[in-house]
Amino acid sequence: RLFELDPDLLPLFQYNCKQFASPQECLSAPEFLDHIRKVMLVIDAAVSHLENLSCLEEYLCNLGKKHHTVGVKVESFSTVGESLLYMLENCLGTAFSPDVREAWSKLYGAVVRAMCRGWQSLPQPD
């Protein structure tokens, strides 16, 4: 879904200097699948620390810095969020109520805001 929403994100996923010719090629790459597992681990950590997300602040800020250095734009996280909600809706079906959508949106938003603080802490060019 991510590449359907924004095909321009595909070049960001290069592993060992290999550029993927198509989203399908990227989606089947072991490195991409490993990246998805890491994304899900971040989501899992956020859910596990729902009552105290601040304990993940430093980690998420550093993750934001890392994404910035590889060329990810803050706006791209909106597309990732839309993809996450799409996946949840498809997996949960009728259990994906408006309240569940709102809760996931708030959680994802909190994670992205923490990551964006990593952007803000980077030295600004002169």
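Results, tabulated for the structure shown:
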read-out: DSSP-loop GluC sites (Glu not before Pro) across the stretch 1-95, with at most 12 other Cβ within 10 angstrom; value: 75
read-out: Per residue, in Å², the accessible surface of the stretch 1-119 once ligands and nucleic acids are set aside, probe 1.4 Å; value: 63 Å²
read-out: Dipole-positive endmost among 40, 62, 52 within the chain (Cβ charges, Cα centre); value: 62
read-out: Rg and Dmax [Cα atoms of the stretch 76-118; Å; Rg one decimal, Dmax integer]; value: 11.0, 36
read-out: Over the stretch 1-119, relative contact order from alpha-carbon pairs under 8 Å, at least 6 apart, %; value: 33 percent
read-out: Partners for residue 18 among lysines (Cα-Cα distance below 28 Å; same-chain residues under 8 apart left out); value: 38, 65, 66, 73
read-out: Fraction of accessible area attributable to carbon and sulfur, the chain (%, probe 1.4 Å); value: 58 percent
read-out: Reduced Cα scattering model of the stretch 1-105, Debye log10 I(q)/I(0), q = 0.15, 0.17, 0.19 Å⁻¹; value: -0.75, -0.96, -1.18
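The values are calculated or read from the model by the stated rules, or taken from the named source; none is laboratory data. Here the structure is a predicted model, which means the values were calculated and not measured. Positions of Cβ are generated from backbone atoms using ideal geometry, with glycine treated the same way; all protein chains shown enter the neighbour counts. Surface accessibility is based on the protein's heavy atoms, side chains included, excluding ligands, DNA and RNA. Shrake-Rupley method; radii C 1.70, N 1.55, O 1.52, S 1.80 Å.
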